[in-house]
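> Structure below; questions to follow.
The values are calculated or read from the model by the stated rules, or taken from the named source; none is laboratory data. Small disclaimer: the values here were computed from a predicted structure and weren't measured. As a convention, Cβ positions derive from the backbone with ideal geometry for all residues, glycine included, and neighbour counts pool all protein chains shown. Note: areas computed on protein heavy atoms with side chains; ligands, DNA, RNA excluded. Shrake-Rupley method; radii C 1.70, N 1.55, O 1.52, S 1.80 Å.
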Amino acid sequence: MRRLHTAPIILILILAVAALSSASLFSGSTRDTFDDPAATPWAALLLTYTMMAAMTSPILTAVLASRQTDIEHSGSGWTLAATAGLTPGVLCRAKLATLGVILFPTVVLQSLLVIAAGRLAGIRVPLELGPWTGYTILLFLVDTAFCSLHIWLAATVENQLVSVGVGVLGAFLAVFMLLVPGMIARFIPWGYYAVISNASQHDGGVTYTSPPYPWVAGFLLLVGAVFALATQHLDRIER
């Protein structure tokens with residue numbers, strides 16, 4: 001992973017999300033709400049953060065998964081691993097576990113940077129930790145789910161432009177799903193970047209909301225089952 005420059009890629013995207021999420025904090029109209037609890041400035045910042053995360057997370061997961069898997073295609077990794085008794089499915093599951101370990105601190109740091117930006121900008125209303133913590137955990141879980149999708153896709157299709165292209169398309173869908181009714185977003189995989197939102201616009205303002213946890217849990221379980229079956233199928237394919 002060091003040779004693939006994973007850390008710099010993650011750091012650049014983290015800083016980009018934090019900068020884009022906090023850009024609106026420095027406008028005059030936004031700064032006027034920093035002392036008004038009724039204006040819910042933290043909820044407004046969380047909604048902006050949700051939009052920026054939806055825009056970048058599908059690309060981040062696609063790039064990370066593609067780079068981790070492409071080395072097996074270019075360096076005959078599948079064959080070399082097979083001689084050591086490691087099947088393609090085992091390798092894919094190991095890659096997902098490793099990326100999951102990396103994604104967790106990545107998402108946590110990303111959320112902390114956005115909160116820090118809010119503090120530095122001058123938001124003096126007390127921070128509601130519950131919605132921010134809940135969103136951070138759900139974002140990590142959804143990111144991990146899409147990592148599994150892109151690992152399988154990158155392992156199946158040798159041309160990595162396909163996997164990255166799906167990630168770019170997913171970013172557009174994820175942002176668009178923030179603008180459609182929630183029920184529609186639940187039936188689009190990338191719509192879950194909108195479904196997990198803990199803030200939404202209501203009556204001209206922004207309020208905290210509770211995501212439909214049963215739907216999110218069902219989506220994660222479905223992705224996990226599909227990934228398990230797909231990687232087992234890879235084990236039966238002679239590479």
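> For the chain, what's the relative contact order in percent, using C-alpha pairs closer than 8 Å and at least 6 residues apart?
On the way: 290 pairs, mean separation 71.1, N = 239.
Reported as a whole number, the value is 30 percent.
> Further, regarding this structure: Based on the mean of other beta carbon atoms within 10 Å per residue, what is the order of 136-146, 104-114, most packed first?
Values: 136-146: 22.0, 104-114: 19.3.
Taking the mean over residues of other Cβ atoms within 10 Å, the ranking is 136-146, 104-114.
> Can you give me the accessible area per residue for the stretch 87-239, using a 1.4 Å probe, in Å²? Provide the component values of the computation, followed by the final result.
Values: 7500 Å² over 153 residues.
In whole numbers, the stretch 87-239 has 49 Å² accessible per residue.
> Find how much the distance from Leu11 to Phe34 grows on full extension, using 0.36 nm per residue of separation minus their present alpha carbon separation; answer in nm with one decimal. Can you show the working numbers first?
Values: separation 23, 0.36 × 23 = 8.28 nm, distance 2.85 nm.
My answer for the length gained is 5.4 nm.
> So, one more: Order 168-180, 191-203 from most to least packed using the mean count of other Cβ atoms within 10 Å. Write out the running numbers ahead of the final one.
On the way: 168-180: 17.7, 191-203: 20.7.
Going from most to least packed, we get 191-203, 168-180.
> Just in the stretch 115-202: which trypsin sites (Lys or Arg not before Pro) are loop by DSSP and have at most 16 other Cβ atoms within 10 Å? Mind dumping the intermediate values first?
Working: sites: Arg119, Arg124, Arg186; in loops: Arg124, Arg186.
Listed in order of number, the matching sites are Arg124.
> Helix by helix, which DSSP H runs in the chain go 15 Å or more along their axis at the Cα atoms and have an average Kyte-Doolittle hydropathy of 1.6 or more? The partial results should precede the final answer.
Values: long enough: 6-22 (24 Å, 2.39); 41-74 (48 Å, 0.56); 88-121 (48 Å, 1.52); 129-156 (41 Å, 1.20); 160-177 (25 Å, 2.11); 213-235 (33 Å, 1.26).
Helices meeting the criterion: 6-22, 160-177.
> If contacts are Cα pairs under 8 angstrom and at least 6 residues apart, what is the relative contact order of the stretch 147-239 in percent? Please list the in-between numbers first.
Values: 65 pairs, mean separation 19.6, N = 93.
21 percent.
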